[in-house]
């Protein structure tokens, strides 16, 4: 009886080791924020970062007054977006980020989230819809 229990425990241990080895290879989209990770998110979508420790959702473009390609501007302009961030403790908060200036980054649960790029860039020849936008973020522990 004791041999059977030990044999069963060894088999369970092998299954756990096999599962923890295969799960990372299964293609689940999870980004790990070791030092710094770039994450691209389309508007209305969310991505899980750092093994589910952080979820970032690109909610909306609040303003895009960046100087359009082909235009002559006095000021370079700025774009402002709204993101929603959730942590392991289920705490969720919304934050405004800007393409330049002091509101380009936020800190959330010890993780820094920076707006690196907002595409597409305005162009005089092309009308940009909200659904066309995607944002690139830098996530750093």
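The values are calculated or read from the model by the stated rules, or taken from the named source; none is laboratory data. Just so you know, these numbers come straight off a predicted model, no measurement behind them. All Cβ positions, glycine included, derive from the backbone under ideal geometry; neighbour counts span all protein chains shown.
Points worth noting:
- Annotation: of all residues in the stretch 32-52 being surrounded by 17 or more Cβ atoms within 10 Å (Cβ to Cβ) and in a loop (DSSP other than H, G, I, E, B), the one that is modelled with the highest pLDDT is 43.
- With respect to the conditions (1) assigned to a loop (DSSP other than H, G, I, E, B); (2) out of contact with any helix residue (DSSP H, G or I) (no Cβ under 9 Å at 6 or more places or on another chain); (3) touching a residue at least 12 places away in the same chain (Cβ under 8 Å), residue 73 falls short on a single one, namely (3).
- The lone exception for residue 81 - which of (1) in a strand (DSSP E or B); (2) modelled with pLDDT of 95 or more; (3) surrounded by fewer than 18 Cβ atoms within 10 Å (Cβ to Cβ) it fails: (3)
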